[in-house]
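To start, the structure under review is shown below, and the notes come after it.
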Amino acid sequence: MDAVFVQLSLPPLVIGVCAAVACALPGNFLLLRRQAMLGDAVAHVVLPGLVLAFVVTGSLAAPVMIGGALGAALLSVALIEAVRRLGRIEPGAAMGAVFTTLFAIGVVLLEVTGASGVHLDVEHALMGNLESLIWFDATGWASLLDPAALAGLPPQLGRMAAVLFMVILVLWLLRRPLAVATFDEGFARATGQRPGLVGMILVALSAAAAVTAFEAVGAIIVIAMFTAPPAAARLLTGRLWTQVRLSALIAAISAILGYVLAGHGPLWFGIPHAVSAAGMIAVVAGIILAGAAAFGPHRRRSGAFVTS
Amino acid sequence: MNAIGRFVETPLEESPLAIRGLSAGYGGLPAVLDADVTVAPAALTAIIGPNGAGKSTLLKAVLGLIPRQAGQVTFWGMPLVQARSRIAYVPQRASVDWGFPVTVMDVALQGLHREIGLLRPIRAHHRARAQQALERVGLAELAHRQIGALSGGQQQRVFLARALAQGADLFLLDEPLAGVDAATEDAILAVLRALRDEGRTVVAVHHDLSTVAAWFDRAVLLNRRVLAEGPVGLALTARTLQGAYGGRLPAEAGGLR
Amino acid sequence: MSGFLAALLLGAGWNAMLVTLGTALLGLAAGAVGTVMVLRRRALLSDAMAHATLPGLGAAFLLMAALGGSGRALPGLMAGAALTAFLALLAVEWLGARTRIPEDAAIGATLSVAFGLGLVLLTVIQVAGLGEPAGLESFLLGSTAGMLRADVLAIALGAAAALSALWVLRRPMTLLAFDEGFAAAAGLPVRLLDRVAMTLVLFVTVAGMRVVGLVLIVALLILPPVAARFWTDRAGRMTVLAGLFGALSGWIGTALSAAAPDLPAGPMVVLAAATLMAASLLLAPGRGALARMRAARARQPTLDRREGELWAALRLADPASPLIERDDGHTALSALLPPDRLARLLAGGER
C-alpha cells in the first residue's frame, strides 16, 4: 500500500500542492490590483507558445516548452496593453480579444503542423495530466532517501518546487514595495518608489508560475488557483499578509482534497475509475470560496471607505 | 430633531424634497444616519460637509441608487416613483467613461429618453430641445464632438445640459463645481441661478466652504448626520461648522460669520 | 485557392453553403450583442458564461442517459448548457454584489470552477460506462461537421430574435452602458436590462458552441466590437459595424476551413475576426494607430521654444493679449514650455 501511494499518489499530490500554492500567492496581488483575469489570459496563451516552440525547435524538452510558453505569456501581456491603449477600451475586452486570438492561433497551428499527434493536444492543455505524474522508481517511503530512486522523480516536481520557492522568495523580498504599490500606487510613486516596476515583476512572476503549473497540471488549475483561493481568503480576513497565508493554505487544501476525491470519490459509488483530478481541485476551491462568501467574517464590503 | 440649528418653514407637501429619518450606506455602518432635510422650493441649496461626510451617499439614497436602511423620502409629498419625471440627476463627472462612443448631442438627447421612448424616431423638435439645452451651457458649437474630446469643464456642462433637456423641476447635482475651470464655473452658476429664478429647485453637493455663502441660498450641513439646515448665513455658524468639521475647520470658513 | 474562392461564393456544395451562412448569421448576432457587453464593460462575463456551459452539457448528458435516452439529444444539451451558464451569471452577480470580491476575480473564479466541474462530469460520463462523451468534446472547440439545415434555421431564428431585441432596447441599453447612475435615477429597470443583455449573450453562446466552441465563442463577442470601435464614435454605428464584421468573420473563416479541411472552422472564424481587429487597430482613419501617429507628428508645435518665450513676454507686457487656444483646452504656451518655467515667466520672476 505504501509503495503504491509513494509511487502513484505522492508525486501528483506534491506537484499539485506546489502548483496550487505558486499560483495562489501572486494571485492575491493580482486580485487586489484588479488584474485577476491575468491567470486566465496566460493560461490561454500558453498553448500557442508551446506549439510554436515545438514547431521551431522540433523539441519537446521542458526548457524549450517553458521558454516558448513564457515568451507567449509576456507577449500577450504586452499585446493586451497595446490594444487597451490604442483602442481606448476596457481592459477586460482587450484581454478577451488578445487571449482568444492567441488560443485560436495555437489550435490552428496544432492542426496544421501535425503537432497534435505527438504530445500536445488541446484537451491535455485544458485538463492537465496530474494523474500521469508517476514515480516509477519508488518502492516505498524509503525511496525518499535513496538517491538513485530520487533521480527518477517526475521532472515537473523539481521545476514546480523551484518555481514555488522563487515565488515565495520574490514576494518576501518585495513584501513592502508590493504592499504599498498595491494599496496606493500614487503614494508609492510620490515617495520615489517604482510601482510600475513592482507591477511588472509581479506580472512576470505570475506568468512564470502559470506557465510552469500549466505544463505540469493544466490550464484549469492555473486559472482556478489564481482567483478562487485569494478571493476566499479575502473574505476571511482584512489583513493583507494573513490573506496571503490563508490563500496558500486554501490552495493546498484544494489540491489535496481535490486529488483524493477525484481518485477515491467514484469508489464510494462503486465505480473503480478516477475522475478528472484537475477539475475536482477547481471544484473544491470553488466550494471553499462559496463557503467563504456565505459565512466569511469579512465578506461584506467595508463601509468605512464610502466617499462622499 | 437631531440638528443643532433648524429653520423649518416649508410644509412637507410643498417641499420638492423632504427627507425624514433617512439612514443609508453600502452595507455595514450607514454613511448617512437619521437625516432630516426639508428642501425649500425655488432655491439653491448646497449639501456641504467634510470629506466622507456622506454627501453623495445622501443624494444617491434619495434617488434610490443605493439601499435605504431606514426613513422616508418624498418629492412634493409624493414617493419617488410618482415624481421621477420631474427630477433631474447630474452624477459626478468621474462616474462615467468619457471614451464612450457617443456625441455631445447624444448625451443631451438622453435627457429626453422618457419622451422619445423605445421605438419612436428622434424628431427635429427633440433635437431642437437638446440643442437649446446645449446653448444654455455654452456648448452649442460642440454638439457633434465625441464626448472624450471635451475638456473636464465642458464634460460637466454636457451633464448639466442633459438634465436641462429633461425639463425637470428639481435638479440634484453631485459636485457640479468640483475641479472645473473658471469659465465653466460661471456658466454653471448662471444656469443654476436662472433655474431658481424660473421657480425650479436646485440641490447640489458642494465641497468648498469658502464659496458656499456667495453661490447658494441655503445649506444643509452634513457629517453623517444633518447638523444644520437653513439659509446659509443661519445654518453655517461657527458652532455648527465646529460640529461638522471638528478641529479641521478650514481657515477660509471664518469669513462666513 | 480556387477552393477558397468557391467556398467564399457559396459554390463549394450544399453543406458548405449551409455552414457558411449559419456561421455568418452567428457572427452577425454575436458582433451586435457583443457590442453591448463591451460597452457595458462586462465582456469577460460572457467568457465565464460560455465556459460554464460545459457542466450543463455534462449534466444534461448524464440525466438524459440515466432516463434511458441517447444523451446526445441537442435540445436537452442546449437546455442544460443554458441553465448552468445562467447559474454562473448568478454566481458572479452574487459574489460581486454581496461580497467585496471585485467582479473580475468573481468572473475568473466562477469560470474556472464551472469549467472544472464540467471536466469532472465529462470523466464521470466516461467512467460510468455511459459511452465516450466524444460528441460533447466537439463542443469545446466547435465543429461544423454534420451541421444541418435545421441547425442553420435555428441559428437564423436566434439571431433574428437577438437582433430585434437589441434594436428595440438600443436606447436604454446605450444609456445604461454609458451612465448607470443616471439610468437608475431616471427609473430605467437596470437589473432587467442587464438580464436581457445576458440572455442575448446566452442565446449566442448556446447557438455558437456547436460551431465555434465554448472556449472561443467569446472571441466572436469581443473582437468585432473592438474592431468596430476604431471606425466610429457612435454607439449605434458601432453595433451595426460589429455585426457586419462578425458576419464577415464567420463567412471568411468557414470558407477557409471548407477549402482546407485541416483548418478547424471555429478557430479560423476567430482568426478572421482577429485579422479584422488588427487591421482596424492599425489602419482605421482617425483612431487607428497609424493615423494617430501621423496626427501626433502633425500636432508638433509650430512655434519653437524661443518664440514661446516671446509669447510669454508679450503676455507679461499685456495681460489681455489672447493666447492661442488649442483643441484640448490648453494654451499654446502651456504646450511649449515646461509648466514651472511658464509659471515663473508669467509671474514676472524671469524676463
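When you look at the Cβ of every residue in A:104-114, what mean number of other chain Cβ atoms sits within 10 Å?
Taking the mean over all residues of the peptide, I get 6.
Most fluctuating residue of A:ILE281, A:ILE223, A:ILE105 in a GNM of chain A with Cα springs under 10 Å: which is it?
A:ILE105
At q = 0.12, 0.19, 0.28 Å⁻¹, what log₁₀ I(q)/I(0) does a Debye calculation on the Cα points of the stretch A:1-73 give, no solvent, two decimals?
-0.50, -0.89, -1.08
Measure out, as a whole number of angstrom, how far apart the alpha-carbon centroids of the stretch A:21-78 and the stretch C:73-118 sit.
What the calculation gives is 24 Å, centre to centre.
Amide H neighbours of B:VAL220 under 5 Å, at least 5 residues apart or on other chains, H built in the peptide plane: list them.
Under 5 Å from the amide H of B:VAL220: B:ALA46, B:ILE47, B:ILE48.
Helices from chain A with mean Kyte-Doolittle at least 1.0 and a Cα length along the axis of 24 Å or more, per DSSP H: which?
The answer, listed by residue number, is A:10-32, A:38-57, A:62-87, A:91-113, A:155-173, A:195-217, A:219-236, A:240-268, A:277-295.
Where the Cα atoms of the stretch C:188-291 are projected onto their three principal axes, how long is each span, largest first, in whole Å?
Sorted largest first, the three principal extents are 49, 38, 18 Å.
Could you size up the charge dipole of the stretch A:2-219 around its Cα centre, putting +1 on the beta carbon of Lys and Arg and -1 on that of Asp and Glu, and report it in debye to the nearest 20?
Value, rounded to 20: 1060 debye.
For the stretch C:1-292, build the charge dipole from Cβ charges (+1 Lys, Arg; -1 Asp, Glu) around the Cα centre, then report which of C:PHE203, C:ALA228, C:ALA247 sits farthest towards its positive end.
About the Cα centre, the residue reaching furthest to the positive side is C:ALA228.
With the radius of gyration and the Kirkwood radius both derived from the Cα set of the stretch A:3-143, what is their ratio Rg to Rh?
Dividing the radius of gyration by the Kirkwood radius yields 1.05.
I need the per residue convex hull volume for the stretch C:1-292, using only the alpha carbons, in cubic angstrom as a whole number.
139 Å³
Show the residues, 5+ positions off or on another chain, whose built amide H is closer than 5 Å to the amide H of A:GLY140.
Correct list: empty.
Once R0 is set to 30 Å, what does the formula 1/(1 + (r/R0)^6) return for the Cβ-Cβ distance between B:ILE116 and C:ALA291, expressed as a FRET efficiency to the nearest 0.05?
E(calc), rounded to 0.05, equals 0.30.
Using a Gaussian network model of chain A whose springs link C-alpha atoms within less than 10 Å, name the residue from A:ALA292, A:ALA224, A:ALA82 with the highest mean-square fluctuation.
Maximum among the listed residues: A:ALA82.
Give the order of C:ARG297, C:ARG41 when sorted by the count of other beta carbons within 10 angstrom, beginning with the fewest.
C:ARG297, C:ARG41
With a point put 7 Å past each Cα toward its Cβ, work out how far C:THR199 is from A:HIS273 in nm, to one decimal.
Spacing of the two 7 Å Cα→Cβ label points: 3.9 nm.
Work from the charge dipole of the protein assembly as shown (Cβ charges, +1 for Lys and Arg, -1 for Asp and Glu, about the Cα centre) and give the residue of A:GLN7, B:ALA204, A:VAL222 farthest towards its positive end.
The Cα lying farthest towards the positive end belongs to B:ALA204.
Per the Kirkwood definition applied to all pairs of different Cα atoms, how many angstroms is the hydrodynamic radius of the protein assembly as shown?
30.3 Å
With springs connecting C-alpha atoms under 10 Å apart, model chain A as a Gaussian network and identify which of A:ALA190, A:ALA22, A:ALA41 has the largest mean-square fluctuation.
A:ALA190
Along the charge dipole of the protein assembly as shown, which of C:GLY187, C:ALA50, A:VAL198 sits closest to the positive end, that is, farthest toward it, with unit charges on the beta carbon of Lys, Arg, Asp and Glu (+1, +1, -1, -1)?
C:GLY187
Taking N as the number of residues in the stretch C:1-107, what is its alpha-carbon radius of gyration divided by 2.2 N^0.38 Å?
Expressed relative to 2.2 N^0.38 Å, the Cα Rg reads 1.44.
Run through the DSSP bridge list for the protein assembly as shown and note the antiparallel percent, rounded to the nearest 5.
The antiparallel proportion sits near 50 percent.
Please turn the phi angles of the stretch B:87-94 into ³J(HN,Hα) values with the Karplus equation 6.51 cos²θ - 1.76 cosθ + 1.60 (θ = phi - 60°), one per residue in order, whole Hz, x for glycine and proline.
10, 10, 10, 10, x, 4, 4, 6
If I take the Cα coordinates of chain A and project them onto the principal axes, what are the three extents in Å, biggest first?
64, 47, 38
Could you work out, for chain B, what percent of all Cα-Cα pairs fall into each 5 Å distance bin, beginning at 0 Å and stopping at the bin that holds the largest distance?
Over chain B, the share of Cα pairs per 5 Å bin runs 1, 6, 13, 17, 19, 17, 13, 8, 4, 1, 0, 0 percent.
Across peptide C:33-45, what mean number of C-beta atoms from other chains lies inside 10 Å of a residue's C-beta?
Per-residue shielding by partner chains comes out at 4.
Which of A:CYS23, A:CYS18 has the fewest other C-beta atoms within 10 Å, and how do the rest follow up to the most?
A:CYS18, A:CYS23
Using only Cα atoms, locate the centre of the stretch A:157-202 and the centre of the stretch A:252-267, then give the distance between them in Å, rounded to an integer.
Rounded to whole Å, the Cα centres lie 32 Å apart.
Could you list which residues have their amide H under 5 Å from that of B:GLN69, counting only those 5 or more apart in sequence or on another chain, with H placed in the peptide plane?
Correct list: B:SER23, B:ALA24, B:GLY25.
Based on other C-beta atoms within 10 Å, arrange A:PHE269, A:PHE165, C:PHE203 from fewest to most.
A:PHE269, A:PHE165, C:PHE203
No lab work stands behind these numbers, since they all come straight from the coordinates. This one's a predicted model, so the numbers in the text were calculated from it and none came from an experiment. A quick note on method: Cβ atoms are made from the backbone with ideal geometry, for glycine too, and the neighbour counts reach across all protein chains shown.
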